[in-house]
Amino acid sequence: MALELRDLRKRFGDVAAIDGVALRIEDGEFFSLLGPSGCGKTTILRTIAGIVTPDAGAVVLGGADITRRPLHARDVTLVFQNYALFPHLTVFDNVAFGLVMRRVARAEIRTRVEEALALVRLAGLGQRYPAQVSGGQQQRVALARALVVRPSVLLLDEPLSNLDARLRDEMRGELREIQRRVGITTILVTHDIHEAFAMSDRIAVLDRGRVEQIGTPTEIYQRPRTRFVATFSGQMNEFDGVVEAVADGRASVATPAGRRVAAAVTDDAPGPGARASVMVRPERVRLDPPADADQRLDAIVESVTYLGGSIRMVARAGGDRLLADLPTGDAPPPAPGARVVLGWRTADAVLVAAG
Amino acid sequence: MNAGARRWLPFLLLLPLTAVLCVGFLLPLIQSVENSFHGFSPRGIDRSTWTLAAYTKLFDPFYAGVFGRTLRISLIISAITAVLAYPVALYVAQLRGRAQAFLLLVYMSPWLINVVVKAFGWTLLLGPRGTINTILRTLGLTDAPVPLMFNETGVIIGLIHGHFIFVLLPLWAALAGIDPNLRWAAGNLGARPWEIFRRVTLPLSLPALMAGVIINFTMNMAAFATPALLGGTRVQVVSFLAYEVNLVDLNWPLGAAMSMVLLVATLVLVVLSQRIVASGRRRVMFEGAR
Ligand SMILES: Nc1ncnc2c1ncn2[C@@H]1O[C@H](COP(=O)(O)OP(=O)(O)OP(=O)(O)O)[C@@H](O)[C@H]1O
Ligand SMILES: [Mg+2]
């Protein structure tokens, strides 16, 4: 079911945990709320679940305003950041809890719980207590408990953050697979960009209770609209200066050192005279750039680090420091001190307002 | 530290306490067991004879009656205290830190006052000319004073007040320690407030409630001054009788037999209550209990 947040606001004392969030999540979509610790992700999920009452704004589920609906009457289930499994109930009973509350018949409870446990690959562990299963299994119990009631929306609060790297990778795939199979509208909260990129149809990047940008993973990574989104979603080369001219979807920025750098822009980009930055991802920077790489600079190599799949080069061009992630080729990379030409396509650079 | 030392160190650290317990607790206990099977003559304990006389004597209507009364009063007090303390503990547990500490101190304060002083305080309230009867009379609700002391009611009122904290404290600690996310999780899965209480809060606090009730119960069974002062001679309890038998009559075998019966009765109740906790937990389950 589609879920809409309308200008949601919530303050805790002086802290605006949610500061005017508006977004719409489509039916069946896997949507992520991405942002640093304390930006209000959990508070947004809790508002949707009805644990937190917003100061203003509305939560609209499938066209119905549920902002004031009590916790137990919302058709939305939450996988808590710490799982919140009932320690006094077996895995089976934990999963059965929501069905019992919905007065589902006993026989049906049995089959549905078994199904849900099989779905998260926990068949046979029903008689254990939460303390008797591993962290990864607990996480899947929490997921099964939330899925088994077939809610309109599934809310996931950093469900993978307590797992080790390998299990996390595995669970990411599994979670996405389960979500596709069940076709349930899902909101994932995370501060891990890789997690958000790997799983989401769309992402909302949050900072201090506000939505900075909403878009597909590609849009967020390749066309960040604010400095915060650009730097939070990965590393960036930055050229700060003043916009000189905007024409034909291109803007050029003059840096204080007298360098001119261009970036592809959309209509809502900062206009001439505005302070802004041109940003380029390190992996878009090329060594001995081909003809289509129209932005070029002469630079001196400072350091070269071999990373296996790529080479991280740090170079200096006048006052600017440049990061370049180069493909590992057969030829040895230039040594520190070497003079090189680095370049990138204007289309690969983005312009964001000075933060 | 080598492996041997690491293995023995815990035992070494336990040694002083174990020694104290052996000398001060275990030996007297064994001695009491032995005493209870010895004969008694007006000159004192007769260690040369072995007999069940002390135990048979406890079946006398008088002694059995005192035991029965003590047990009944203690259970009534524990039950009423549990019912009264639960809402208080729920209320205190959801307050902010400072308010919690303050209220707990208030509830603890009776424990800081001497039992005898407390009993006299109750006399002022419960006596025939006490505050309560005066109010009732002034309001025209009663003609004759309602007997509130020198009977079981007085003992029950006095001990509920005196031993309240032993149920409240563990219960409060357990309730305050329940992760609020568990209640929200239950609500999120569709549980109404009453269901959240029945299926999450209550079962998670049941062990603490039982622990508190057991402590409360043993305190009630052992209470001496309050029953004596608020119950008077008509409400004799085991502790008072044990005092008379041991220190006035110097009938140690009978005194020892009384202690044994008290000990066994209390142990039986402890085991029973644990059963109750276990079955109470099973009751909240749906399918998994088999
Ligand atoms: N119950 C509360 N009382 C007071 N302040 C709160 C409360 N809940 C959240 N906050 C504050 O609101 C802000 C947002 O908190 P929230 O838990 O939503 O962050 P988050 O994005 O989930 O962070 P994390 O990634 O660390 O989980 C924080 O500054 C937090 O301190
Ligand atoms: Mg959080």
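Just so it is clear, none of the values below were taken in a lab; they were calculated from the coordinates. What you are looking at is a predicted structure, and each value in this text was computed from that prediction instead of being measured. Using ideal geometry, Cβ is built from the backbone for each residue, glycine included, and neighbour counts are taken over all protein chains shown.
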Exercise. Anyone know which of A:V243, A:V341, A:V265 comes out most mobile in the 10 Å Cα GNM of chain A?
Worked result: A:V341
Exercise. On full extension of the chain, what length is gained from B:D179 through B:A53, given 0.36 nm per residue of separation minus the C-alpha to C-alpha distance?
Worked result: 39.8 nm
Seminar exercise, completed: Scoring only Lys, Arg, Asp and Glu (+1, +1, -1, -1) among other residues with Cβ under 11 Å from the Cβ of A:Q137 yields +3
Exercise. Between B:F102 and A:R128, what FRET efficiency follows from the Cβ-Cβ distance if R0 is 30 Å, with the result rounded to 0.05?
Worked result: 0.10
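What does the highest-first list of A:269-282, B:7-20, A:98-111 look like by mean Cβ count within 10 Å? The partial results should precede the final answer.
Numbers: A:269-282: 19.0, B:7-20: 9.9, A:98-111: 15.4.
Per-residue mean Cβ counts within 10 Å order the peptides as A:269-282, A:98-111, B:7-20.
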For this session: Can you work out the PRE-style zone for A:T53? Point 7 Å along Cα to Cβ, and I want the residues of region B:68-98 with backbone N under 15 Å.
Result: none
For this session: Would you work out which of A:A49, A:H194, A:A245 lies farthest towards the positive end of the dipole of chain A? Charges go on Cβ: Lys and Arg +1, Asp and Glu -1.
Result: A:A49
Problem set entry | FRET efficiency, B:L9 to A:D14 (Cβ-Cβ, R0 60 Å, nearest 0.05) | 0.70
Problem set entry | For region A:80-117 versus region A:299-335, the gap between their alpha-carbon centres in whole angstrom | 54 Å
For this session: Output the direction-averaged projected area (hull surface divided by four) of the convex hull of the alpha-carbon atoms of region A:203-355, in nm².
Result: 9.7 nm²
Seminar exercise, completed: Shielding of A:68-77 by other chains, given as the mean Cβ count within 10 Å, works out to 4
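Calculate the dipole size of chain A relative to its Cα centre from +1 charges on Lys and Arg beta carbons and -1 charges on Asp and Glu beta carbons; express the result in debye to the nearest 20.
980 debye
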Exercise. What size of dipole, in debye to the nearest 20, comes out for the protein assembly as shown about its Cα centre when the only charges are +1 on Lys and Arg C-beta atoms and -1 on Asp and Glu C-beta atoms?
Worked result: 1680 debye
Problem set entry | Test item: A:300-311 mean partner chain Cβ contacts at 10 Å | 0
Exercise. Assuming R0 = 22 Å, what is the FRET efficiency of B:V248 and B:V33, from their Cβ-Cβ distance, to the nearest 0.05?
Worked result: 0.45
For this session: Run through the DSSP bridge list for the protein assembly as shown and note the antiparallel percent, rounded to the nearest 5.
Result: 80 percent
Problem set entry | Choice from B:N251, B:N133, B:N35 showing the highest fluctuation, given a GNM over chain B with Cα pairs closer than 10 Å | B:N133
Problem set entry | Rough spin-label spacing in nm, given labels placed 7 Å along Cα→Cβ, for A:D294 and B:L90 | 7.2 nm
For this session: May I ask which residue of A:I214, A:F92, B:M108 lies farthest towards the positive end of the charge dipole of the protein assembly as shown, with charges of +1 (Lys, Arg) and -1 (Asp, Glu) on Cβ and the Cα centre as origin?
Result: B:M108
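If you take every DSSP beta bridge fully contained in chain A, what fraction is antiparallel? Give it as a percent rounded to 5.
Roughly 75 percent of the beta bridges in chain A run antiparallel, per DSSP.
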Problem set entry | Where a label projected 7 Å from the Cα of A:L323 along Cα→Cβ would reach, residues of region A:191-214 with amide N under 15 Å | A:193-194
Exercise. How large is the helix-only mean residue ellipticity at 222 nm for chain A, computed as the sum of -39500 (n - 2.57) over DSSP H runs with n ≥ 4, divided by its residue count, in deg cm²/dmol to the nearest 500?
Worked result: -7000 deg cm²/dmol
Problem set entry | Per-peptide average of other Cβ atoms within 10 Å, ordering B:152-161, A:227-236, A:139-148 highest first | A:139-148, B:152-161, A:227-236
Problem set entry | Nearest-20 debye value, region A:237-355 charge dipole, Cβ charges on Lys, Arg, Asp, Glu | 280 debye
Seminar exercise, completed: Expressed as a whole number, the average count of other chain Cβ atoms within 10 Å around the Cβ atoms of B:24-35 is 0
Exercise. Would you list B:V264, A:V149, A:V15 from fewest to most Cβ contacts within 10 Å?
Worked result: B:V264, A:V15, A:V149
Seminar exercise, completed: Placing one equal point scatterer on each C-alpha of region B:60-289 and summing with Debye, one gets log10 I(q)/I(0) at q = 0.09, 0.10, 0.11 Å⁻¹ equal to -0.49, -0.59, -0.70
